[in-house]
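The values are calculated or read from the model by the stated rules, or taken from the named source; none is laboratory data. Given the structure is predicted, the values throughout are model-derived calculations rather than measurements. Please note: Cβ atoms are built from the backbone with ideal geometry, for glycine as well, and neighbour counts cover all protein chains shown. All accessible areas refer to the heavy atoms of the entire protein, side chains included, with ligands and DNA or RNA removed. Shrake-Rupley method; radii C 1.70, N 1.55, O 1.52, S 1.80 Å.
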Amino acid sequence: MRVLDLIRKKRDAGEHSRDELAFLVLGYTRGEIPDYQMSAWLMATWLRGLSQAEIAALTDVMLHSGDVVTFPELPAKKVDKHSTGGVGDKTSLILAPIVAAGGLFVPMISGRGLGHTGGTLDKLEAIPGFNTGLTLPEFRQVLAACGMSLIGQTAEIAPADKKIYALRDATSTVENIGLICASIMSKKLAEGIDALVLDVKTGWGAFMKREEDSVALAELMVSTARRMGKKAVALITDMDQPLGRFAGHSHEIMESIEVLRGKGADDLRDLSFELAAWMFYLGERTKSVEEGRALAAQLVQSGAALEKFRQNIQLQGGDPRVIDDYHRLPFAKKRVDVRAASAGFLDSTECRELGSTLAFLGGGRQKKEDAVDHGVGLEFHKRIGDRIAAGDVLVSVFYNDDGKIQEATQSLAASFRISPDPVPRKPLIRRLVGA
């Protein structure tokens, strides 16, 4: 088998066997295939696409390029959730404690923010002392003790994906749904889960702006999971505006705790409960999604979910006192409000620009090695469809860097569009895939 022949085969729209994909992926991971040949294959793949059989095979090869964690000692199903990312998307921090409190296990390997989206790991690290870098044995220990554990990708988990993604990023071959699917699913299936709930965002703040593209990716991920013997379902959810009232790491920890107290923004609570309900159902904890919703609400009302989060924070080295005292979180020292210049109705937001502005203020990374300011944040005061009076506060900005605030507020002000006519509200959950 020769690399050149495989590049030519994909260039000419041929379909690879699993053995051919294994030869390419594992050879590249071991350093036996140079970057320039793998880049050529990636570009051919980006142009010609991958069949569903190829995607399943590629996922399997990448999955088994490292350790696949198993938990035969745990008495209940292992279920996780993955989101394709957006602004203010903090549901993992809410549903993991809910689902763990309900008796299932949530082994969650998460990512960091890059660009306009926030990452679960960065949010958790706003909690003083919280360790997202657990070893696999420590990960297993925490999971067994409290039913949930949230860590970053280790060197043992899907190393092929880590190396290939870096090359895709450098060769403009990221935006291919087959490669995206294999990347996401190889990491998630390496967690040893029985079922997966996918939250595929659509809209201006999402990776996939068009709903039909989001549906295509969701269908691909669900079918790939099922080919690998896992239960899966996907929710297509709105990202034309931020989720919840806050974006920014400490602010999102605070807002997540508020939802676990039975408070918080309606959209954030509703989506978290819906995702948790599907996790309960696929994990065979409840006989229906409706029963799952009721269970999620009950676990929040009783305080059991909040106590589960407190337990997890302590087990992962964090300060559990943040649950009761938000002042223990790092918050920016300065605030400025961005106000509406005219009256009308909020028509739309440049949601991606809102996230990018937060990253510019220090809440995200321009490069992977950049440090993050956990204290900066945005508070959103209006939703699409709301009536606006001239001078109303649209967004409050919490910041530390005076040198950036003027540019940031100008960008934020330009991100809200006001219409003179009433604007209909869009549903939060657009569609279900695989249900």
Completion exercise
If one compares the long axis through the Cα atoms of helix 136-146 with the longest principal axis of the Cα atoms of the chain, the angle in degrees, nearest 10, works out at 50
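With every protein chain present, what is the per residue accessible area of the stretch 1-70 (1.4 Å probe, Å²)? Kindly include the intermediate steps, with their values, before the conclusion.
Details: 3410 Å² over 70 residues.
About 49 Å² of surface per residue is accessible.
Loop-only trypsin sites (Lys or Arg not before Pro) in the stretch 1-67, please: DSSP not H, G, I, E or B, and at most 15 other Cβ atoms within 10 Å.
Numbers: sites: Arg2, Arg8, Lys9, Lys10, Arg11, Arg18, Arg30, Arg48; in loops: Arg2, Arg30.
Hits after loop and neighbour filter: Arg2, Arg30.
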Practice task
Kindly flag which residue pairs out of Lys81/Lys187; Lys81/Lys201; Lys78/Lys230; Lys163/Lys231; Lys78/Lys263; Lys187/Lys308 have an alpha-carbon separation exceeding 20 Å in this structure.
Solution key: Lys163/Lys231; Lys78/Lys263; Lys187/Lys308
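Taking Cα atoms of the stretch 202-299, Rg/Rh with Kirkwood Rh, to two decimals? Before the final figure, lay out the partial values.
On the way: Rg = 15.2 Å, Rh = 15.0 Å.
Reported Rg/Rh (Cα atoms, Kirkwood Rh): 1.01.
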Completion exercise
One finds the C-alpha centres of the stretch 299-333 and the stretch 1-55 to be spaced, in Å, by 46
Practice task
Using only the alpha carbons, work out the radius of gyration and Dmax of the stretch 106-168 in angstrom.
Solution key: 12.7, 38
Practice task
Collect residues whose amide H, placed 1.01 Å from N in the peptide plane, falls under 5 Å from the amide H of His82; neighbours closer than 5 in sequence don't count.
Solution key: Val197, Leu198, Asp199
Handout entry: Electrostatic dipole magnitude of the stretch 8-141 [Cβ: Lys, Arg +1; Asp, Glu -1; Cα centre; debye, to 20]
Key = 240
Exercise for the section: Quick one: angle between helix 177-189 and the longest Cα principal axis of the chain, in degrees between 0 and 90, rounded to 10, please. Expected result: 90
Handout entry: Partner aspartates and glutamates for Lys209 [C-alpha distance under 18 Å; skip if fewer than 8 residues away on the same chain]
Key = Asp89, Glu175, Asp199, Glu219, Asp238, Asp240, Asp347, Glu350, Glu353
Problem - Alpha-carbon radius of gyration plus Dmax, which is the widest Cα pair, for the chain in Å - result: 21.7, 68
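Please identify every one of the trypsin sites (Lys or Arg not before Pro) in the stretch 173-226 that sits in a loop by DSSP and has no more than 13 other beta carbons within 10 Å of its own beta carbon. Intermediate values should be presented prior to the final figure.
On the way: sites: Lys187, Lys188, Lys201, Lys209, Arg210, Arg226; in loops: Lys209, Arg210.
Those that pass, being in a loop and sparsely packed, are Arg210.
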Problem - the chain: angle of helix 249-260 to the longest principal axis, Cα-based, in degrees nearest 10 - result: 80
Fill in the blank from the handout: Both in Å, the radius of gyration and Dmax of the C-alpha trace of the stretch 1-119 are 18.7, 53
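For a protection proxy built on the mean count of beta-carbon atoms within 10 angstrom, sort 35-46, 334-345, 251-262 highest first, please. Display every interim value, and only then the final one.
Working: 35-46: 18.6, 334-345: 15.0, 251-262: 23.1.
Result, highest mean first: 251-262, 35-46, 334-345.
Percent antiparallel among DSSP beta bridges with both residues in the chain, to the nearest 5? If you can, show how the numbers build up before the last one.
Numbers: 23 of 42 bridges.
Of the beta bridges lying entirely in the chain, close to 55 percent run antiparallel.
On the protein heavy atoms, probe 1.4 angstrom, tell me the percent of accessible surface of the stretch 284-378 carried by carbon and sulfur. Spell out each step's value before the answer.
On the way: 2310 of 4800 Å².
Of the solvent-accessible surface of the stretch 284-378, carbon and sulfur hold 48 percent.
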Handout entry: Cross-link reach list, lysines versus Lys333, counting only Cα pairs under 18 Å and skipping chain neighbours closer than eight places
Key = Lys404
Problem - Ranked packing of 81-93, 293-305, most packed first, by mean Cβ within 10 Å - result: 81-93, 293-305
Practice task
Would you calculate, for the chain, the mean residue ellipticity at 222 nm contributed by helices, counting each DSSP H stretch of 4 or more residues as -39,500 (n - 2.57) and dividing by all residues, to the nearest 500?
Solution key: -13500 deg cm²/dmol
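Report the Stokes-Einstein translational diffusion coefficient (µm² s⁻¹, integer) for the stretch 46-115, Rh taken as the Kirkwood radius over Cα pairs, at 10 °C with viscosity 1.306 mPa s.
Values: Rh = 15.2 Å.
D, rounded to a whole number, is 105 µm²/s.
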Handout entry: Nonlocal amide H pairs with Phe345, under 5 Å, H built at 1.01 Å
Key = Ile388, Ser419, Asp421
Fill in the blank from the handout: Scattering profile of the stretch 266-407 from the Debye formula, Cα beads only, expressed as log10 I(q)/I(0) at q = 0.11, 0.15, 0.19 Å⁻¹, is -0.66, -1.06, -1.17
